[in-house]
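What follows draws every value from the coordinates through simple rules; no lab data is involved. Fair warning: this is a prediction, and the values are worked out from it, not measured in the lab. With ideal geometry, Cβ positions are generated from the backbone for all residues, glycine too; neighbour counts draw on all protein chains shown.
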Amino acid sequence: MIKVLTIIGARPQIIKAAAISRAIKNKFVDKIKEIIVHTGQHYDKNMSEVFFEELGIPRPDYNLNVGSGKHGKQTAKMIEGIEELLLKEKPNYIILYGDTNSTLAGAVAASKLNIPIVHIEAGLRSFNRKMPEEVNRVVCDHLSTLLFSPTVTGYKNLMNEGLNEMNKSPFTPEQPGYFHCGDIMYDNSLYFSELAKNKSKILEDNGLISKEYILSTIHRDHNTDIYDNLRSIFNALIEISKTNKIILPLHPRTKKVLEQMKHKELFERIKENNILLIPPVSFLDMISLEKNALMVITDSGGVQKEAYFFKNPCIILRPETEWVEIVDTGNAFLCGADYNEILNAFNFIINSGAGDYPKIFGDGKAAEFILKTLINNCPEAVL
């Protein structure tokens, strides 16, 4: 029996971990035991707890209750807590997702104890080291033993950084194995879209009609915390809302910034226009909003990708993206916080009609591939 210790800390990681937990339960329950650790990096009812309830995700076995804080202090607390649990549980692998401080902390703690690191969403690069997420993902990749990239581009990025695709099992941090496996979030979107169809009432509750509204999300600090960027984005949304209804689940960070005195006039203008501000929504509600939107305007890496899953065009409120494939297909547009670029992309989408959406994120069975690879490369486990 293989024992894996899964680290989650932010809302997207809870959802990603659902695909692995579901595959263990359905396919590998007699071969893999999973221990789930929630660092508490993000933990409140709307942003975390509801996901366990709604999506049937296994409850964490441990919660470190770290909470928010500066990067160094937060990461240090998580390293300390994760190290203690690794010594206690003695897993065959630690599974890490994405690029949060929880990911970085898990990688540092496990590497010091020589516990093999499995990095899911490996190889993604924005090539912007000013982003904390970029630093986290690069460090994690180069400490990992098994790396699973959701895209061909991610796989090639790892090759370009010196990983040798000729490495053979048994893999080690010095000679890691890396694989193009498809995206576990595509697994989840396929699975949960049917559930959302039956359970989500978000459209009815907000008077929305399919394909007659635009979904927007804004939360990244380079948009919320830079005065000109925030104003430029919302001025563009106000202009777009003159002809199209916009629904915007308001992230706590964005709400807090908009409520500041310096943004008082902007916040009033937003509320006076055809922009519906609502609290953060559950994953099923978000899937329903993404699936039925006319288009998506976002700075979220996950949301821009999920828009593609549901064949919706996307305006990306960032100057770069880890998901370059969706831009290459012509279905997503990098606009940053530029008012004119946002409006130009919006007008192009409205006037160009539907595009093609090639299958670039796998076959919906990425989680099974990952777990089979763990089993096949764990000689220390008694199977």
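Quick notes
- For the stretch 299-383, the fraction of alpha-carbon pairs in successive 5 Å shells from zero, as %: 3, 13, 20, 18, 13, 8, 7, 7, 5, 4, 2, 1
- Quarter of the Cα convex hull surface for the stretch 69-109, i.e. its orientation-mean projected area (nm²): 2.7
- Most to least packed among 12-25, 57-70 [average Cβ atoms within 10 Å]: 12-25, 57-70
- Packing-based ranking of 299-305, 255-261 yields 299-305, 255-261, ordered from highest to lowest mean Cβ neighbour count within 10 Å.
- Relative to the current alpha-carbon distance between residue 198 and residue 260, full extension at 0.36 nm per residue lengthens the span by 18.4 nm.
- Take each peptide in 229-239, 196-206, 148-158, 128-138, count the other Cβ atoms within 10 Å of every residue, and average; sorted highest first, the result is 148-158, 229-239, 128-138, 196-206.
- Taken over the chain, the percentage of Cα pairs per 10 Å bin, counting from 0 up to the bin with the maximum distance, is 5, 24, 33, 25, 11, 3, 0.
- Straight Cα distances below 26 angstrom link residue 359 to the lysines 16, 27, 156, 197, 211, 291, 305, 311, 372, with same-chain residues fewer than 8 positions distant left out.
- FRET efficiency, residue 165 to residue 350 (Cβ-Cβ, R0 45 Å, nearest 0.05): 0.55
- The chain, relative contact order in percent, only Cα pairs under 8 angstrom and at least six apart counted: 16
- Extension gain, residue 268 back to residue 1 (0.36 nm per residue minus Cα-Cα distance, nm): 90.3 nm
- Kirkwood Rh in Å, taken over the stretch 26-161 so that all alpha-carbon pairs contribute: 15.8
- Label-to-label distance, nm, for residues given as residue 357 and residue 209 (7 Å Cα→Cβ offset): 2.2
- Gap separating the Cα centres of the stretch 309-339 and the stretch 81-131, nearest whole Å: 28
- Spacing of the modelled spin labels on residue 372 and residue 61, each 7 Å from Cα toward Cβ, amounts to 2.6 nm.
- Label-zone membership for the stretch 340-375, site residue 235, 7 angstrom Cα→C-beta point, backbone N under 13 Å: 340-343
- Ellipticity estimate at 222 nm from DSSP helix runs (n ≥ 4, -39,500 (n - 2.57)) divided over the chain, nearest 500: -13500 deg cm²/dmol
- Candidates 321, 39, 254: whichever shows maximal mean-square fluctuation once the chain is modelled as a Gaussian network with Cα springs under 10 Å: 254
- Here's the list of aspartates and glutamates a cross-link from residue 365 could span, going by alpha-carbon distance under 15 Å and ignoring same-chain residues fewer than 8 apart: 121, 183, 187.
- FRET efficiency, 1/(1 + (r/R0)^6) with R0 45 Å, evaluated for residue 329 and residue 172 via beta carbons: 0.75
- When the P(r) of the stretch 189-352 is calculated, the portion above 24 Å amounts to 29% of the C-alpha pairs.
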